[in-house]
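Working notes, beginning with the structure itself.
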Amino acid sequence: MSQTEIEIGTQPECWERAVALAHRQDGPAAALPRPGERVAVVGCGTSWFIAQAYAVLRESGGQGETDAFPASEMPAGRPYDRVVALTRSGTTTEVLELLGRLHGRAATTAVTADPRTPVMQLADATVVLDFADETSVVQTRFASTELALLRAHLGEDLEHLPEQGHAALAEPLPTWLTTAEQFTFLGRGWAYGIAQEAALKMREAAGAWTEAYPVMEYRHGPISITGPGRVAWWFGDPAAVPSGLAAEIARTGGRLVALGRDPLADLVVVQRLAVALGSARGLDPDNPRHLTRSVILT
């Protein structure tokens, strides 16, 4: 079993710890955005997609205006009360440079896995999820755990999540799924961030041809790529698939996947699929091509 598979398998327990941490009186609440604050959330790669999901959840939940940016693309002159930086390694160049530029201009919080890294000195406040840290290059449990923490901090009831995660780990991957040649991931609202993360996992671990779209945008051109042997994967309640979309996908000859669990739990299935596809193609999921655990630029 690869290290990536081991880390994928520990996610339900990490989620439970993150939810418990969010509810502790001495937990991370003081470091995280307060209701009414104008907030920007930044990250790179996986962290940017998690930032997008959190931004939608926070703003739609009435907590305050919330934007998400890649750390390298945050607008220079836009004022925020707080900037939250998501960084597993705590060493990503773009994140550290941004925190340095923001010093004295906005309160900053970093959510990280490693308390021995430069981000601990550059951010005004930090939340350390060292129990969810990973040695693998491909992010799985840290990203999902930080989103579980952020969702719990917003007041969301996540009692269902660990059980759904265990179910996602236990179910077999059907042959028609492991032999598909192309995947398009679809989401609405915060689940669109999860769809983008799912596509990234498949590219990183399996070198697979994947795309991701807001579900209504999928009809405006991208559906043309779907066909026999190809999959359109919906993150969310199957009953919430937009009217007529399932029939449109069926007419292409493609297959619609709609598992119906919490999008974080369904992401676990994609993570497992990515590792299985990569291994079948002779790739090493622990050492994906052209990637390192942290992007550090000279």
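Distant-in-sequence amide contacts of residue 126, defined by a placed amide H-H separation under 5 Å and a gap of 5 or more residues or a different chain, comprise 110.
Report the chymotrypsin sites (Phe, Trp or Tyr not before Pro) located in the stretch 131-209 that are in a DSSP loop and have at most 16 other Cβ atoms inside 10 Å of their Cβ, or state none. The qualifying sites are 209. Checking the a/c ratio against 1.5 first, then a/b against b/c, what shape does the Cα gyration tensor give for the stretch 56-167? The shape class here is oblate. Here the relative contact order of the stretch 48-140, from alpha carbon pairs under 8 Å that lie six or more residues apart, stands at 21 percent. Shown here for the stretch 61-125: GluC sites (Glu not before Pro) in loop regions (DSSP other than H, G, I, E, B) with at most 16 other Cβ atoms within 10 Å, namely 65.
Shape of the stretch 1-58 from its Cα gyration tensor (a ≥ b ≥ c, root eigenvalues): rounded if a/c is under 1.5, otherwise prolate when a/b > b/c, or oblate? Oblate shape, in that a/c is at least 1.5 and b/c is the bigger or equal ratio. Rounded to a whole number, what % of the accessible area of the stretch 94-234 do carbon and sulfur atoms account for, probe 1.4 Å? Taking all protein chains in place, the stretch 94-234 shows 52 percent carbon and sulfur surface.
Taking 0.36 nm per residue of sequence separation and removing the Cα-Cα distance, the residue 24/residue 130 pair yields an extension gain of 36.5 nm. Between residue 167 and residue 237, the simple spin-label model (points 7 angstrom out along Cα→Cβ) gives 1.5 nm. Altogether, the Stokes-Einstein calculation at 10 °C and 1.306 mPa s, with the Kirkwood radius of the chain over Cα pairs as Rh, returns a diffusion coefficient of 82 µm²/s. At a probe radius of 1.4 angstrom, the accessible area of the stretch 96-205 per residue rounds to 38 square angstrom.
Solvent-accessible surface of the stretch 1-94, taken per residue with a 1.4 Å probe and all protein chains present: 41 Å². Amide H contacts of residue 41: 67, 68, 69, 84, each under 5 Å away and 5 or more positions distant or on a separate chain (H built 1.01 Å from N in the peptide plane; Pro and chain starts excluded). Relative contact order for the chain: 20 percent, from Cα pairs under 8 Å spaced at least 6 residues apart, divided by residue count. Suppose we flag trypsin sites (Lys or Arg not before Pro) only when DSSP calls them loop and at most 13 other Cβ atoms lie within 10 Å. Which is the longest uninterrupted stretch of the chain? Longest site-free region, per DSSP loop and neighbour criteria: 117-280.
Using the rule -39500 (n - 2.57) for each DSSP H run of four or more residues, divided by the residues of the chain, the 222 nm mean residue ellipticity is -12000 deg cm²/dmol. The alpha carbon gyration tensor of the stretch 186-250 gives principal lengths a ≥ b ≥ c with a/c of 1.5 or higher and a/b no greater than b/c, which makes the shape oblate.
Helices meeting the span-like rule in the chain (full DSSP H runs, Cα extent of at least 20 Å along the helix axis, mean Kyte-Doolittle score of -0.5 or higher): 46-60, 191-206, 263-280. Of the GluC sites (Glu not before Pro) in the stretch 133-225, the ones in a loop by DSSP (not H, G, I, E or B) with at most 13 other beta carbons within 10 Å are 159, 181.
The values are calculated or read from the model by the stated rules, or taken from the named source; none is laboratory data. The structure presented is a predicted model; accordingly, all values stated were derived computationally and were not measured. Ideal geometry is used to build each Cβ from the backbone, glycine not excepted, and the neighbour counts take in all protein chains shown. Side chains included, ligands, DNA and RNA excluded: accessible areas come from the protein's heavy atoms. Shrake-Rupley method; radii C 1.70, N 1.55, O 1.52, S 1.80 Å.
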